[in-house]
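Okay, so here's the structure we're looking at.
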Amino acid sequence: MRNSWISLFVFLSLGAAERADLVVSAAKAVTMDAAGRVIERGAVAVRDGRIVAVGPKAEIDRRFRAKKRIDRPDALLAPGLINAHTHAAMSLLRGIADDVPLQTWLEKYIFPAEARNVNEAFVRAGTRLAALEMMLGGITTYADMYYFEHAVAEETKRAGMRAVLGQTVIGFPAPDYRTPQEALAGAEKFILAWRGDERITPAVAPHSIYTTDAATLKACRTLANRYGVPVHTHVSETKKENDDAGRAHGMTPARYLDSLGFFSGRTILAHMVWADAEDLKLLEGRAVGIAHCPSSNTKLASGAPNYRTWFQFRVPAGLGTDGPAGSNNDFDLFEEMDLASKLAKVSTLDPTVLPAQKAFRMATIDGAGVLGMEKDIGSLEAGKWADLITVSMAAPHAIPAHDVYSMLVYSLKASDVRDVVIGGRVTVLDRKPQTLNSASVLREAERMRARVAESLR
């Protein structure tokens with residue numbers, strides 16, 4: 001009789017437990033919520049792709065009956081990282097032109113190489129390679145600007161990632177469309193095919209003010225506003241760009257775009273290295289964010305932004321890797337966090353300008369704000385998509401662990417990422433990709449490398 005009562009109690013207790021598809025727990029949960037909570041022995045419960053609870057592991061274990069559990073007692077649990085600006089398929093052009101200025105890099109190397117090599121198959125292979133690298137490094141969402149974005153979207157969704165994907169519009173014949181008018185028509189088809197998708201947000205991506213005329217820039221904004229999607233473009237990346245804009249338009253690139261009504265909807269501005277206080281002030285209160293790409297800006301000698309000015313104004317700023325073809329050679333957001341913080345310190349001679357916690361915010365919740373997705377991703381909070389990572393603290397460079405933000409920004413590496421969950425789906429488990437065949441991806445990338453090398457002879 002006693003055993004029957006015990007069995008009934010256990011049955012009723014289990015019956016009362018809430019269902020969860022997945023529970024992930026770790027030594028500490030770095031939530032990045034408004035209170036900045038770091039939960040000792042923290043855990044996250046996931047159901048139907050979204051977070052349903054965040055709290056101490058003991059509490060989550062009592063409350064939820066999970067189909068699957070991932071417990072990492074020697075790791076940090078954190079939001080997935082957000083790469084706010086890149087060109088994913090350029091992974092296949094990695095290293096073809098290094099150590100040259102931006103304009104030389106673009107005009108003498110990249111644009112010709114793209115004209116000879118970039119087609120839909122190339123973009124698919126490059127996107128798969130980029131997705132593999134990004135997920136293994138803890139990136140769960142990225143903002144892209146390239147060609148054949150329908151192919152980028154399909155490969156990104158197959159990999160299980162989340163992305164804001166901008167169809168490029170540029171003022172000369174491109175690999176996918178010969179004219180800006182064709183590109184705009186292609187962008188509209190892309191938007192219609194993908195708007196409303198849970199993983200993919202389509203966007204319009206005019207390359208820059210120096211490759212796209214005023215009429216086309218206005219048309220891009222009009223198209224984006226018609227469907228309520230973002231615009232993604234490069235702005236004030238170099239001093240030359242700013243100087244040229246001053247001569248041509250009598251104002252900075254940002255103020256020129258403002259004069260065209262360009263900031264009347266969600267806008268992602270890559271770089272903004274040479275933006276001044278007036279530029280930042282006019283962006284305040286608008287649906288505009290900055291994607292800071294410190295590796296690209298240092299490698300191409302574009303310069304360092306005035307960090308004090310940036311943080312003086314309430315304009316969201318996230319972190320991006322840029323494309324891995326000379327402007328940066330990888331998709332490592334841990335490197336970007338570390339470099340951004342140190343570049344801010346050395347350029348201002350002030351070690352307090354960009355502390356580790358702020359750098360990690362830029363890679364998570366602030367990056368989500370740049371994309372206009374802060375209500376859905378960027379922190380570990382109930383109701384948001386379950387985009388999260390575990391980062392091992394078992395390596396010598398991770399010991400001792402005194403401060404989680406110091407560890408995440410200055411000590412831990414992309415290779416320390418152990419598990420990745422995107423929208424509740426496990427895409428990396430214990431460093432093993434679950435949604436991509438690594439061997440196949442790498443074989444295809446090597447085949448494409450040989451083709452690119454042959455085209456450059």
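The values are calculated or read from the model by the stated rules, or taken from the named source; none is laboratory data. These numbers come from a predicted model, not from an experiment. Here Cβ is always computed from backbone atoms with ideal geometry, including for glycine, and neighbour counts include all displayed protein chains.
Scan segment 160-174 and tell me whether some residue there is within 23 Å of Ser415 (Cα to Cα), modelled with pLDDT of 95 or more and surrounded by fewer than 24 Cβ atoms within 10 Å (Cβ to Cβ). Full working, then the answer.
Just the residues of segment 160-174 that are within 23 Å of Ser415 (Cα to Cα), to begin with: 160-163.
Next, only the ones that are modelled with pLDDT of 95 or more stay: 160-163.
Filter once more, keeping what is surrounded by fewer than 24 Cβ atoms within 10 Å (Cβ to Cβ): 160.
Checked against the condition, which is being within 23 Å of Ser415 (Cα to Cα), modelled with pLDDT of 95 or more and surrounded by fewer than 24 Cβ atoms within 10 Å (Cβ to Cβ), segment 160-174 yields at least one hit.
Could you list, in sequence order, all residues of segment 359-384 that are touching a residue at least 12 places away in the same chain (Cβ under 8 Å) and either over 15 Å from the mean Cα position of the chain (by Cα) or closer than 18 Å to Ser411 by Cβ (or both)?
Listed by number, the residues that qualify are Ala359, Phe360, Arg361, Met362, Ala363, Thr364, Leu380, Glu381, Ala382, Gly383, Lys384.
Looking only at segment 176-200, how many residues end up being assigned to a loop (DSSP other than H, G, I, E, B) and either of a type in the set (Val, Ile, Thr) or modelled with pLDDT under 95 (or both)? Before you say what the answer is, go through the steps one by one.
Residues of segment 176-200 assigned to a loop (DSSP other than H, G, I, E, B): 176-179, 195-199.
This time we only want the ones that are either of a type in the set (Val, Ile, Thr) or modelled with pLDDT under 95 (or both), so: 179.
Counting residues in segment 176-200 that are assigned to a loop (DSSP other than H, G, I, E, B) and either of a type in the set (Val, Ile, Thr) or modelled with pLDDT under 95 (or both) gives 1.
Against the definition (part of a strand (DSSP E or B), polar (S, T, N, Q), touching a residue at least 12 places away in the same chain (Cβ under 8 Å) and outside the structural domain of Ala26 (by TED's automatic domain parsing)), how does Thr435 come out, yes or no? Steps first, answer last, please.
Details: part of a strand (DSSP E or B): no; polar (S, T, N, Q): yes; touching a residue at least 12 places away in the same chain (Cβ under 8 Å): yes; outside the structural domain of Ala26 (by TED's automatic domain parsing): yes.
No: the conditions fail for Thr435.
Taking Val273, is it of a type outside the set (D, E, K, R), out of contact with any helix residue (DSSP H, G or I) (no Cβ under 7 Å at 6 or more places or on another chain) and at pLDDT 95 or above?
Values: of a type outside the set (D, E, K, R): yes; out of contact with any helix residue (DSSP H, G or I) (no Cβ under 7 Å at 6 or more places or on another chain): no; at pLDDT 95 or above: yes.
Considered against the rule, which asks whether it is of a type outside the set (D, E, K, R), out of contact with any helix residue (DSSP H, G or I) (no Cβ under 7 Å at 6 or more places or on another chain) and at pLDDT 95 or above, Val273 comes out as no.
When the residues of segment 93-111 are narrowed to those that are in contact with a helix residue (DSSP H, G or I) (Cβ under 9 Å, 6 or more places away or on another chain), assigned to a helix (DSSP H, G or I) and not hydroxyl-bearing (Ser, Thr, Tyr), which ends up modelled with the highest pLDDT?
Of all residues in segment 93-111, those in contact with a helix residue (DSSP H, G or I) (Cβ under 9 Å, 6 or more places away or on another chain) come to 93-94, 96-103, 109-110.
When the remaining residues are screened for being assigned to a helix (DSSP H, G or I), the result is 93, 102-103, 109-110.
With the extra rule that they be not hydroxyl-bearing (Ser, Thr, Tyr), the set shrinks to 93, 102-103, 110.
Numbers: Leu93: 93, Leu102: 77, Gln103: 82, Ile110: 84.
My answer is Leu93.
Considering only residues of segment 35-72 that are within 22 Å of Met407 (Cα to Cα) and aliphatic (A, V, I, L, M), which is surrounded by the fewest Cβ atoms within 10 Å (Cβ to Cβ)?
Of all residues in segment 35-72, those within 22 Å of Met407 (Cα to Cα) come to 35-44, 54-57, 70-72.
Narrowing the set further to residues that are aliphatic (A, V, I, L, M) leaves 35, 38-39, 43-44, 54, 70.
Numbers: Ala35: 7, Val38: 16, Ile39: 21, Ala43: 27, Val44: 29, Val54: 23, Ile70: 22.
Only one residue fits best here, namely Ala35.
Given Ser392, Ser379, Ser411, which one is closer than 14 Å to Thr140 by Cα, surrounded by 18 or more Cβ atoms within 10 Å (Cβ to Cβ) and hydroxyl-bearing (Ser, Thr, Tyr)? Before the answer, list the steps.
Working: Ser392 fails: closer than 14 Å to Thr140 by Cα; Ser411 fails: closer than 14 Å to Thr140 by Cα.
Within the list Ser392, Ser379, Ser411, the selection yields Ser379.
Which condition does Leu81 not pass, out of (1) among the aliphatic types (A, V, I, L, M); (2) more than 24 Å from the chain's Cα centre (by Cα); (3) surrounded by 24 or more Cβ atoms within 10 Å (Cβ to Cβ), if it passes all the others?
(2)
With the checklist (1) closer than 23 Å to Arg94 by Cα; (2) out of contact with any strand residue (DSSP E or B) (no Cβ under 6 Å at 6 or more places or on another chain); (3) modelled with pLDDT of 95 or more in hand, flag the one item Glu336 doesn't pass.
Answer for Glu336: the failing condition is (2).
Which of the residues belonging to segment 247-259 are buried (at least 16 other Cβ atoms within 10 Å of the Cβ) and in a loop (DSSP other than H, G, I, E, B)?
Passing the criteria: Met251, Thr252.
Looking only at segment 379-434, how many residues end up being touching a helix residue (DSSP H, G or I) at 6+ places or on another chain (Cβ under 6 Å) and either basic (Lys, Arg) or within 21 Å of Ala34 (Cα to Cα) (or both)?
6
Quick grid of which residues meet (1) of a type in the set (A, V, I, L, M, F, W, C); (2) under 21 Å from Thr86 (Cα atoms); (3) touching a residue at least 24 places away in the same chain (Cβ under 8 Å); (4) in the same structural domain as Asn306 (by TED's automatic domain parsing):
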| position | (1), (2), (3), (4) |
| --- | --- |
| Pro175 | no, yes, yes, yes |
| Ala183 | yes, yes, no, yes |
| Trp194 | yes, yes, yes, yes |
| Asp197 | no, yes, yes, yes |
| Thr211 | no, yes, yes, yes |
| Lys218 | no, no, yes, yes |
| Leu223 | yes, no, yes, yes |
| Val235 | yes, yes, yes, yes |
| Thr238 | no, yes, yes, yes |
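Inside segment 260-292, can you point out the residues that are among the basic types (Lys, Arg) and in contact with a strand residue (DSSP E or B) (Cβ under 8 Å, 6 or more places away or on another chain)? Before you say what the answer is, go through the steps one by one.
Start the filter on segment 260-292 by keeping residues that are among the basic types (Lys, Arg), which leaves 266, 281, 286.
Selection gives Arg266, Arg286.
Go through (1) more than 30 Å from Leu380 (Cβ to Cβ); (2) in contact (Cβ under 8 Å) with a residue 60 or more places away in the chain one by one and return the number of the condition Ala88 breaks.
With (1) more than 30 Å from Leu380 (Cβ to Cβ); (2) in contact (Cβ under 8 Å) with a residue 60 or more places away in the chain applied to Ala88, the lone miss is (1).
Tell me, please, whether a residue that is over 24 Å from Thr298 (Cβ atoms) and within 19 Å of the chain's Cα centre (by Cα) can be found in segment 107-124.
Step one: of segment 107-124, the residues over 24 Å from Thr298 (Cβ atoms) are 112, 115-124.
So of that shortlist, the ones also within 19 Å of the chain's Cα centre (by Cα) come out as 123-124.
Among the residues of segment 107-124, at least one is over 24 Å from Thr298 (Cβ atoms) and within 19 Å of the chain's Cα centre (by Cα), which makes the answer yes.
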